[in-house]
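Enquirer: Below is the structure I would like to discuss, written out as structure tokens.
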Amino acid sequence: MPYQRFVALGDSCTEGLDDPYPDGGTYRGWADLVAARLAQDNPGFRYANLGVRGRRLDQIIVEQIPVAARLRPDLVALFGGGNDIMSGGWNERTVARRVDHAVRSLTSFAPTVVVFTLSDIANRMPFGRRMRPRIEALNASLREAAVSYGARLIDLWPDPAVADHRYFGPDRLHLAELGHQRLAAHLLGSLGISHEASWLAPLTGPAPVLGMGAHARWLLQQVWPVVRGRIRNRVIGRQPGDGILPKRPDLLPVAECRTVQGNA
């Protein structure tokens, strides 16, 4: 029987950054793409997206998982952990417990649960290698939890697309349109559902090579504003994602509930 009730949880990647709809409204992203495919020839299909940018796993556990449980989905997908590894209070054991709690909770009420590892940012940005041990630890926890509780795992760590900047937005962290299409194809493929062949097709031409000038502009235009914003938020006691509401808090047909989100 086809899936009828799909709920996506997580952070900015689930929300759809950096893949805006052509009309400049809300973001699209991999979850919307998956939902659109699942809705084909299935008039009863309903979809909710609870992802909010900036959210850590502990916040997802408190804010999103109880809502997902009340929606009684038969398919859940969780993309999270990226904000945990960038947190100043990183602790490997704490994050591992969060992962275990999240996956155990989701599999307790949803028959099909999909989780994702994070890709390696080491070759995509300066100083990325400093984050690699945290990503590896998070991914190890995700793999272990998936096996323990019977979740499906989309392992993005070995995906060769990670080295091609065309899959990513200007900040080199969030997926661009091509990246979200690729992620949607991985998820649909894991469910045995067909998808657009172009979503996994190799890109034509060589990947761009970024020089020192591009790195300098990236630091000035992308990294520094984020650092400055985090410092300001810490001073005023504001958490990333505060004031942002999920774009699809209820199970609705795919064609409904396109809302414009505010800025974080």
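Rule-based calculations on the coordinates, nothing more; no lab input. This structure is a prediction, so every number in the text was calculated from the model and none was measured. Cβ sites come from the backbone with ideal geometry, for glycine too, and all protein chains shown count toward neighbours.
Enquirer: Averaging over all projection directions, find the projected area of the Cα convex hull of the stretch 92-171 and quote it in nm² with one decimal place.
Expert: Spelled out: convex hull of the Cα atoms, projected over all directions, averaged, 5.9 nm².
Enquirer: Using 0.36 nm times the number of residues separating residue 165 and residue 197, minus their current alpha carbon distance, what extension gain do you get?
Expert: Computed gain between residue 165 and residue 197 is 9.5 nm.
Enquirer: Quick check: net charge around residue 11, other residues with Cβ under 11 Å of its Cβ, Lys/Arg +1 and Asp/Glu -1?
Expert: Cβ neighbours under 11 Å give a net charge of +1.
Enquirer: Count the net charge of all other residues whose Cβ sits under 12 Å from the Cβ of residue 103, scoring Lys and Arg as +1 and Asp and Glu as -1.
Expert: Result for the local shell: +3.
Enquirer: Under a crude label model (7 Å from the Cα following the beta-carbon direction), how far is residue 21 from residue 129 in nanometres?
Expert: It is 4.4 nm.
Enquirer: Still on this structure: What is the diffusion coefficient of the stretch 1-131 in µm²/s, taking the Kirkwood radius over Cα pairs and the Stokes-Einstein relation at 25 °C with a viscosity of 0.890 mPa s?
Expert: Calculated translational D: 157 µm²/s.
Enquirer: Which of 180, 174, 195 comes first, and how do the rest follow, when ranked by fewest Cβ neighbours within 10 Å?
Expert: So the ranking, lowest neighbour count to highest, is 195, 174, 180.
Enquirer: Can you figure out the FRET efficiency of residue 87 with residue 41, using R₀ = 30 Å and their beta-carbon distance, to the nearest 0.05?
Expert: The value I calculate is 0.10.
Enquirer: Follow-up. For residue 86, enumerate residues with amide H under 5 Å from its amide H, sequence gap 5+ or separate chain, H modeled in the peptide plane.
Expert: none
Enquirer: Only bridges whose two residues both fall in the stretch 5-201 count here: according to DSSP, what percent of them are antiparallel, nearest 5?
Expert: If we restrict to bridges inside the stretch 5-201, about 10 percent are antiparallel.
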